[in-house]
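Note sheet for the following structure.
Where a number appears in this text, it was derived from the coordinates with a stated rule and is not lab data. This structure is a prediction, so every number in the text was calculated from the model and none was measured. Cβ sites come from the backbone with ideal geometry, for glycine too, and all protein chains shown count toward neighbours.
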Amino acid sequence: MINFSLIIPTYNESQNILILIDRIINLLEKNKISFEVIVVDDDSKDLTWKIVGEKFNSDSRIRVVRRVNEKGLSSAVLKGMSIAKGKYFGVIDADLQHDEQILPEMLKQIESHDVVVGSRVVGDGGYGEWGFTRKLMSKIATLLAKIMLPINIGDPMSGFFILKKEIFEEVLPKVNPIGFKILLEFIARKKGIKTTEVGYVFKNRIYGETKMSSSVIQNYLVALYDIRFGEVISLKFLKYAFIGFLGVFVNLFGQFLAKSFLNLTEPEIYRQNFTKPFYAVCFGFEISVLSNYIFNNIWTFKESRKFGFRENVLGFIKFNLISILGFLIQVSVWRFSFELIQKFSPELMFNGIDYICNFFGIMLATAGNYFLNKNFTWSEK
Ligand code: GDD
Ligand code: MN
């Protein structure tokens with residue numbers, strides 16, 4: 001039976017990976033630990049997957065997964081874990097920056113913990129020769145995580161850790177696979193998780209280059225929000241509401257344009273005429289439906305984004321139908337509240353009151369429309 005599955009995510013690490021695997025084999029054999037190594041490579045240009053496969057093709061402990069349709073560090077780690085056979089799942093970078101020599105100590109600790117983290121901030125740990133800026137960024141990221149999330153480890157950004165298989169199985173459905181902070185996902189999403197840290201000094205990269213980028217940082221901030229507030233207000237709804245918020249201005253502006261066009265500047269006209277002000281509201285509405293569809297398609301629902309003319313026409317029709325339903329709510333609220341005010345508090349009647357009534361209608365319609373669009377217009381296949 002395999003005790004320990006060590007996952008190594010790689011992207012263009014051909015000059016590092018063989019050195020690392022050799023070191024790991026020596027170390028774990030010496031410590032009499034039964035293990036497997038799973039390299040998860042995202043179809044590296046430098047053929048990392050192939051080099052490993054060729055060198056270790058007769059060693060069944062060394063497995064290689066070549067992913068061609070997916071990319072990303074966190075999702076690669078999850079992929080490795082999903083096929084791992086051990087009791088304990090470890091993750092280590094391929095670039096020799098993490099010190100594999102502490103693995104036996106980490107494995108000792110995992111028996112009485114859920115997660116053991118290779119840490120730059122405890123015991124003999126350190127950042128090595130990191131420059132000021134990178135160190136500062138890491139510290140800020142760590143601080144943010146500690147403020148926002150219920151975690152009690154010093155180096156939650158570490159990509160070097162071991163966790164129990166049961167924890168992986170339990171937390172997996174909640175994990176967001178985007179980005180670099182996979183450890184954070186596990187420790188922050190499982191309440192009362194038992195963690196500990198083992199120190200090591202982060203080494204300099206000698207071969208190859210880092211894949212850390214500004215999108216990694218952006219994903220990180222998104223993930224912090226998602227872990228902390230995602231269950232209360234989903235990030236998608238937040239985006240949708242933001243687009244909707246901008247849409248309100250497009251909507252009101254459209255109404256303003258149409259009102260000017262139709263010469264509806266006197267409130268007096270509302271007592272005699274329903275249809276003309278109604279056209280103005282309709283116009284504002286349709287303009288905002290169009291702009292909201294475009295923004296939601298490229299941003300809010302980008303995972304199920306529609307491409308091409310046909311798909312977008314269909315999507316827009318759905319979005320429009322749902323919006324019309326919302327519009328019925330909007331108009332009812334708009335006109336009804338307007339009538340109410342006119343009847344019971346005529347002193348509140350001023351030129352702009354009709355915008356305010358319309359605004360309340362829009363708010364109510366937004367919530368209902370979000371639900372329908374998420375499940376109908378941009379439903380994930
Ligand atoms: N399969 C796969 N797919 N592997 C990837 C990908 C990817 O898209 N991106 C990076 N990797 C692999 C690299 O080949 C390397 O083995 C490891 O993931 C870490 O990538 P680096 O690009 O070297 O990251 P880093 O050194 O800048 O970041 C390290 O420190 C961070 C904290 O400061 C990593 O340990 C991070 O996990 C950690 O959060
Ligand atoms: Mn690195």
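Assorted remarks:
- Search result, residues across the range 22-43 that are within 12 Å of ligand 1 (Cβ to nearest atom) and of a type in the set (Val, Ile, Thr): 38, 39, 40
- Verdict on residue 244 being free of Cβ contacts under 8 Å to residues at least 40 places away in the same chain, of a type outside the set (A, V, I, L, M, F, W, C), on the phi < 0 side of the Ramachandran plot and assigned to a helix (DSSP H, G or I): no
- Matching residues in the range 62-91 - criterion: being in a loop (DSSP other than H, G, I, E, B) and closer than 25 Å to residue 113 by Cβ: 84, 85, 86, 87
- Here 92, 102, 83 are screened, and the one residue that is free of Cβ contacts under 8 Å to residues at least 60 places away in the same chain and of a type in the set (A, V, I, L, M, F, W, C) is 83.
- Contacts under 8 angstrom Cβ, first residue in the range 134-156 being within 16 Å of residue 119 (Cα to Cα), partner in a loop (DSSP other than H, G, I, E, B) and aromatic (Phe, Trp, Tyr), 6 or more apart: 135/127; 138/127; 138/130
- Tally of residues being surrounded by 13 or more Cβ atoms within 10 Å (Cβ to Cβ) and either outside any helix (DSSP H, G or I) or touching a residue at least 24 places away in the same chain (Cβ under 8 Å) (or both) across the range 298-315: 7
- Residue in the range 189-200 that is in contact (Cβ under 8 Å) with a residue 12 or more places away in the chain and under 16 Å from the mean Cα position of the chain (by Cα) present: yes
- Of residues in the range 62-108 being away from ligand 1 (no atom under 13 Å from the Cβ) and under 14 Å from residue 10 (Cβ atoms), the one nearest to the chain's Cα centre (by Cα): 63
- Residues of the range 158-169 include none that is away from ligand 1 (no atom under 11 Å from the Cβ) and farther than 19 Å from residue 187 by Cα.
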